[in-house]
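The values are calculated or read from the model by the stated rules, or taken from the named source; none is laboratory data. Predicted model only: the values in this text are computed from it and were never measured. Every residue, glycine among them, receives a Cβ derived from its backbone with ideal geometry; neighbour counts consider all protein chains shown. The accessibility values were calculated without ligands, DNA or RNA, using every heavy atom of the protein model including side chains. Shrake-Rupley method; radii C 1.70, N 1.55, O 1.52, S 1.80 Å.
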Amino acid sequence: MSSLNYAALLDYLSDVDSGRMRTLLDQADQVRRQTIGNEVYLRGLIEYSNHCCRDCFYCGLRRGNRELTRYQMNQEEIVEYARQAYQAGFHSLALQSGEMVDKKGVDNLVEIIGRIKSITGNDGTPGLGITLSVGELSYADYERLFAAGAHRYLLRIETSNPELFARLHPADQSLQRRIECLEALKAIGYQVGTGVMVGLPGQTVEDLVGDLRFFLEQDIDMLGLGPFISHPQTPLYHQAANPEIDPLRHTLIVMALARILMPDINMVASTALQSLHTNGLTWGLKAGANIVMPVITPAEYRENYSIYSGKQYKSWQQIQSEVETAGYQVGLWKWGDSLHWYKRRITRPILEADQYHREDKL
Ligand code: SAH
C-alpha cells in the first residue's frame, strides 16, 4: 500500500474520526484475511519471575518499586505448567520475566527450555514452540537460549524516539542498545518481535508514525503494541499524557496501519489492550491481530506481575469463544509462526519443525 506515505500516516493518526477508523480497520482486516487468513494463534504466557534489575519509569516491576512482593517460580513449577498447557492444546508458550543480567538467570532459563522441549517433544513432534521475553542480554546469552530451543523473541523498543526513550528510562539504558539486541536476535535466527506503548506522557502522533517506520525498516517478524496504562508506584504516574493521543483508539489505528504496511507479520492483541476495554480483544483482532497470549501464570503469582494497574485476565475458553464470535478461528496444533519469517529465514535448526508444521501432520 504505497499510498501510505509519511503524510498519509500522520493524517490517519491526527484525525481519529470513528467512521474513518472503522474503514481503516476494515481495510486491515481485508489485508489480513487475504495474506494470512482468519486463524488466530494462542501463546500460553507464563510470567515466571517479577524480579527486575532495571528501573524503567513506566513499569510496576521496576527495581525501585519496594512495595511489590517479588517471586520466582521454580523449574518444577514452570515445567509442570508448560506440560499442562501442552496437554490442553497450546502449541506455543511464551516465557516472560523482569530483566535478569546475571549468568545464573540465563543458566536457569536454558535448563527450563531444555526440560520443556524434552517432555513435550518426546512424542515424535517438535513439542512446544517457545517465545522468550526476558529483555536485554548479550549475544552469547541469546545464542545459548536459541540453541536450547527458544525460537521467537519479543523485545519492545517502547518508543522509536531516542529523546522520549531517554525520558522514560534511567541513563544506563538506551534505544541504541535495544536496537543492537534486535539485530543480534535476528542474526542468530530468532523470529524477532518488537513494539511500543501508545499514549506515553510526552509522546506525539509524529512519534507513532516514526514507530511504524521503525518497524518497517527493521523488517520485523512480530509486533506487540499496547496502550500505556499508568501504574501508581512509578515515576510516570503523575505525568499527564498528550491529550491528542487516545491510548485505545490510537493503539487500534497503529495496529491497523501496521497490518496494512506489513501484511505477513504476526501481531498480538495485547493484554494491555484487553485490560483497557472489555472489547479490546475483539477490536484488536479486527485491527489485524492474529496472536493472543492467554495468561497461564499460576493465580498465586499473577497479581504480583503488575506491570500496570487493572490487568485483566481472560481464560483460554473465553478467549477462544471471543475469537470465534469475532469471525476468526483458533489455529490448533500449529506453532503459528510468522509468515514473514518463513520468507526470510536464514538458519537451519528450525527447518525440521517448520516442515512438520507446514505439512500439518500429527
Ligand atoms: N522485561 C521484559 C518483559 C516484561 S515487560 C522485557 O523487557 O521485554 C513487557 C512490556 O510491558 C514492556 O516491554 C512494556 O512495553 C510493557 N509495559 C511496561 N509498563 C507498562 C505500562 N505501565 N503500561 C503498559 N504497558 C507497559
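Taking Arg70, is it under 23 Å from the mean Cα position of the chain (by Cα), more than 19 Å from Leu145 (Cα to Cα) and at pLDDT 95 or above?
When the stated conditions are applied, Arg70 passes them.
Would you check if there is a residue in the stretch 106-115 being free of Cβ contacts under 8 Å to residues at least 24 places away in the same chain, polar (S, T, N, Q) and more than 30 Å from Ala326 (Cα to Cα)?
no
Identify, from the list Lys311, Lys334, Lys286, the residue that is among the charged types (D, E, K, R), out of contact with any Gly (no Cβ under 6 Å at 6 or more places or on another chain), within 14 Å of the ligand (Cβ to nearest atom) and on the phi < 0 side of the Ramachandran plot.
Lys311
Would you check which residues across the stretch 263-278 are open to solvent by 10 Å² or more (accessible area, probe 1.4 Å) and within 22 Å of Asp15 (Cα to Cα) and list them?
Leu276, His277
Which count do you get for residues in the stretch 123-140 that are outside any loop (DSSP other than H, G, I, E, B), under 20 Å from the mean Cα position of the chain (by Cα) and either surrounded by fewer than 16 Cβ atoms within 10 Å (Cβ to Cβ) or not hydrophobic (A, V, I, L, M, F, W, C) (or both)?
3
State which residue pairs qualify: first residue more than 7 Å from the ligand (Cβ to nearest atom) and inside the stretch 227-243, second residue open to solvent by 70 Å² or more (accessible area, probe 1.4 Å) in any location, beta carbons under 8 Å apart, and separation of 6 or more residues or different chains.
Gln233/Glu67
Tell me, which residue of the stretch 98-122 that is within 16 Å of the ligand (Cβ to nearest atom) and either outside any helix (DSSP H, G or I) or among the aromatic types (Phe, Trp, Tyr) (or both) is farthest from Cys59 (Cα to Cα)?
Filtering the stretch 98-122 for residues that are within 16 Å of the ligand (Cβ to nearest atom) and either outside any helix (DSSP H, G or I) or among the aromatic types (Phe, Trp, Tyr) (or both), the one farthest from Cys59 (Cα to Cα) comes out as Asp102.
Condition first: within 16 Å of the ligand (Cβ to nearest atom), of a type outside the set (S, T, N, Q), in contact (Cβ under 8 Å) with a residue 60 or more places away in the chain and outside any strand (DSSP E or B). Now tell me which residues in the stretch 35-51 satisfy that.
Of everything in the stretch 35-51, just one residue is within 16 Å of the ligand (Cβ to nearest atom), of a type outside the set (S, T, N, Q), in contact (Cβ under 8 Å) with a residue 60 or more places away in the chain and outside any strand (DSSP E or B), namely Arg43.
Can you tell me how many residues within the stretch 83-108 are open to solvent by less than 30 Å² (accessible area, probe 1.4 Å), within 17 Å of Ser118 (Cβ to Cβ) and modelled with pLDDT of 95 or more?
Count: 2.
If I go through the stretch 246-262 residue by residue, how many of them are open to solvent by 10 Å² or more (accessible area, probe 1.4 Å), more than 15 Å from Asp29 (Cα to Cα) and touching a residue at least 40 places away in the same chain (Cβ under 8 Å)?
So the count comes out to 3.
I'd like to know if the stretch 98-120 contains one or more residues that are under 21 Å from Tyr308 (Cβ atoms) and of a type in the set (A, V, I, L, M).
There is at least one residue in the stretch 98-120 that is under 21 Å from Tyr308 (Cβ atoms) and of a type in the set (A, V, I, L, M).
Those residues that are farther than 23 Å from Ile78 by Cβ, open to solvent by less than 10 Å² (accessible area, probe 1.4 Å) and part of a loop (DSSP other than H, G, I, E, B), I need them from the stretch 285-327; list them, please.
Ala287, Gly288, Ala289, Asn290 - these are the residues of the stretch 285-327 that are farther than 23 Å from Ile78 by Cβ, open to solvent by less than 10 Å² (accessible area, probe 1.4 Å) and part of a loop (DSSP other than H, G, I, E, B).
Residues of the stretch 16-31 being surrounded by 11 or more Cβ atoms within 10 Å (Cβ to Cβ) and in a loop (DSSP other than H, G, I, E, B), which ones?
Scanning the stretch 16-31 gives a single hit, Val16.
Looking at this structure, is Glu163 within 15 Å of the ligand (Cβ to nearest atom) and open to solvent by 50 Å² or more (accessible area, probe 1.4 Å)?
No, not satisfied.
Please enumerate the residues belonging to the stretch 239-259 that are in a loop (DSSP other than H, G, I, E, B) and within 21 Å of the chain's Cα centre (by Cα).
Hit for the stretch 239-259 is Asp246, nothing else.
Scan the stretch 182-194 and tell me whether some residue there is away from the ligand (no atom under 13 Å from the Cβ), within 17 Å of Phe57 (Cα to Cα) and either touching a Ser or Thr at 6+ places or on another chain (Cβ under 9 Å) or open to solvent by 30 Å² or more (accessible area, probe 1.4 Å) (or both).
no
Taking the condition of being within 15 Å of the chain's Cα centre (by Cα), outside any strand (DSSP E or B) and small (Gly, Ala, Ser), how many residues in the stretch 193-238 meet it?
Within the stretch 193-238, residues that are within 15 Å of the chain's Cα centre (by Cα), outside any strand (DSSP E or B) and small (Gly, Ala, Ser) number 2.
Condition first: closer than 19 Å to Gly98 by Cα and not in a loop (DSSP other than H, G, I, E, B). Now tell me which residues in the stretch 147-158 satisfy that.
Across the stretch 147-158, the qualifying residues are Arg152, Tyr153, Leu154, Glu158.
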